[in-house]
1. Among the candidates B:L167, B:L171, B:L144, single out the residue that is farther than 25 Å from A:S157 by Cβ, in contact with a Phe, Trp or Tyr (Cβ under 9 Å, 6 or more places away or on another chain) and crowded, with 17+ Cβ neighbours inside 10 Å.
2. Let me spell it out: the conditions are (1) exposed (fewer than 15 other Cβ atoms within 10 Å of the Cβ); (2) within 14 Å of another protein chain (Cβ to nearest Cβ), and A:S157 meets all of them except one. Which number is the exception?
3. Which ones in segment B:52-66 are more than 7 Å from chain A (Cβ to nearest Cβ) and more than 13 Å from the chain's Cα centre (by Cα)?
4. Do we have B:I236 as more than 14 Å from chain A (Cβ to nearest Cβ), touching a residue at least 24 places away in the same chain (Cβ under 8 Å) and under 18 Å from B:A36 (Cα atoms) here?
5. Right, A:A230: within 14 Å of another protein chain (Cβ to nearest Cβ), under 15 Å from A:L40 (Cβ atoms) and crowded, with 20+ Cβ neighbours inside 10 Å or not?
6. Quick one: which residue in A:G121, A:G180, A:G133, A:G206 is outside any helix (DSSP H, G or I), within 14 Å of another protein chain (Cβ to nearest Cβ) and not acidic (D, E)?
7. When the residues of segment B:37-59 are narrowed to those that are of a type in the set (A, V, I, L, M, F, W, C) and under 19 Å from B:L141 (Cα atoms), which ends up surrounded by the most Cβ atoms within 10 Å (Cβ to Cβ)?
8. Could you say whether any residue in segment B:68-88 is crowded, with 23+ Cβ neighbours inside 10 Å and touching a Leu at 6+ places or on another chain (Cβ under 6 Å)?
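The values are calculated or read from the model by the stated rules, or taken from the named source; none is laboratory data. Since the model is a prediction, treat every value here as computed from it, not as a measurement. As a convention, Cβ positions derive from the backbone with ideal geometry for all residues, glycine included, and neighbour counts pool all protein chains shown.
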Number of protein chains: 2
Amino acid sequence: MVDPRTSIIDERMRGIDRIIAVSSGKGGVGKSLVAATLALTLAKKGFSVGLFDLDFTSPSTHIILGIEGVQPKEEKGIVPPIVHGIKYMSIVYYSGEHVSPLRGVDVSNALIELLSITRWGKLDFLVIDMPPGIGDATLDLIRLIRNIEFLIVTTPSQLAFETVRKLVSLLKELKIPVVGVVENMKMNDSKTVQQQTMKLSVEFLGEIPYDSKVEEAIGKTNKLLDTVLAKKLENISDLLRCSKPKRRQG
Amino acid sequence: MVDPRTSIIDERMRGIDRIIAVSSGKGGVGKSLVAATLALTLAKKGFSVGLFDLDFTSPSTHIILGIEGVQPKEEKGIVPPIVHGIKYMSIVYYSGEHVSPLRGVDVSNALIELLSITRWGKLDFLVIDMPPGIGDATLDLIRLIRNIEFLIVTTPSQLAFETVRKLVSLLKELKIPVVGVVENMKMNDSKTVQQQTMKLSVEFLGEIPYDSKVEEAIGKTNKLLDTVLAKKLENISDLLRCSKPKRRQG
């Protein structure tokens with residue numbers, strides 16, 4: 001079951017201390033916003049941070065961070081450009097802004113290639129913006145990235161949490177560490193998601209209130225760092241640092 | 001390029017007047033809520049309506065409509081049960097509530113099988129809750145269902161609309177009719193989405209304000225029909241009836 005290409009990927013990721021896969025049970029919960037802002041926040045604190053957008057269904061961190069006119073450099077692989085203090089790489093550099101979507105096998109090949117060629121160098125954190133849900137691509141990434149840990153984003157919606165339940169079960173079955181659940185776009189003070197998360201024996205990392213300023217801050221990192229979302233993610237990034245799991249053995 | 005199984009599917013869908021695929025560029029925009037409530041609304045108006053949940057990524061219309069304890073009946077195929085006046089069929093009856101997701105080819109096979117065995121009989125409308133985005137499953141369904149028309153749900157978010165733009169381009173390229181775009185979870189009176197939709201030469205069907213009562217109404221159809229969402233969808237369903245496209249020729 002070991003893919004020979006995983007050893008190349010292992011080699012490429014050897015200098016990375018923590019790989020945080022920002023994931024969700026379903027789309028539209030703010031996963032990409034959390035991933036991009038978390039990376040910004042960690043960089044602001046002085047960590048060396050990479051952000052890797054692998055959400056082939058709708059890559060958007062380049063829009064969120066207003067990244068334009070930079071391109072990765074080819075040099076014995078691909079060297080990600082540094083933008084806003086973050087080493088940045090995205091599947092858009094591979095697929096472009098094409099209308100025609102990548103289909104199944106192509107997605108898998110694109111992920112393997114991106115993982116195999118990107119030279120991150122030394123990093124404290126690599127934040128990955130994952131595809132939403134438990135599709136083929138998520139399963140591929142779990143198989144390919146040895147030390148992946150999951151940070152799960154949800155909303156207060158019952159429908160969103162049902163999918164989180166499935167994702168957590170799957171991750172437990174596969175023995176993948178879950179650093180915790182973040183409840184995003186909160187509009188009241190219900191504790192349901194917090195309680196349900198704790199029932200799953202998963203850490204509840206905190207809630208982020210709905211903030212209408214976030215929409216205006218898209219593309220403008222200064223404004224983004226000034227949102228409630230960013231402030232909350234600062235606290236959450238402190239929690240992250242205390243929760244390093246044991247490494248899986250290869 | 002014609003799949004022999006499409007002729008069986010054509011036969012199964014022959015008695016259906018309109019097939020409305022409720023779709024979205026990305027997840028989390030309320031697609032399933034709109035699909036389920038639209039079906040309810042049309043049934044309330046006296047139309048014969050089917051609801052077909054093919055969102056394999058997170059089937060949820062059975063939760064939204066509070067459907068429990070009914071099962072489709074085997075009888076020269078599968079006869080969907082009638083729930084709240086709607087003929088109802090879902091991929092959950094196929095995949096169950098399993099944690100392990102269906103993978104690529106299995107999804108494709110499940111869709112083909114469900115389309116081939118379900119006996120809808122005569123219907124004015126079949127509402128399909130589509131998988132989000134432009135993945136393999138969406139492309140499969142476009143290929144398999146001859147007279148499919150798309151109703152696209154978005155939110156005011158710029159990130160959501162960027163994915164709508166791609167979906168509309170793809171549908172135009174494939175010559176699939178788009179009945180229009182619905183803007184869901186609106187919190188202010190911006191006209192951006194409306195204007196951008198019109199620029200794509202697609203009809204803007206209306207906006208649905210964010211309504212915190214919807215979350216409480218999940219699983220309770222009486223409450224659901226009493227939401228602003230349902231009222232707005234009544235207007236939209238009137239527009240739907242005036243917009244029947246010419247049939248594609250096989």
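1. From the options B:L167, B:L171, B:L144, the qualifying one is B:L171.
2. Here A:S157 meets the rest and fails (1).
3. B:H62, B:I64, B:L65, B:G66
4. Judged against the criteria, B:I236 is a match.
5. no
6. When all the criteria are applied, what remains is A:G133.
7. This residue is B:L51.
8. yes
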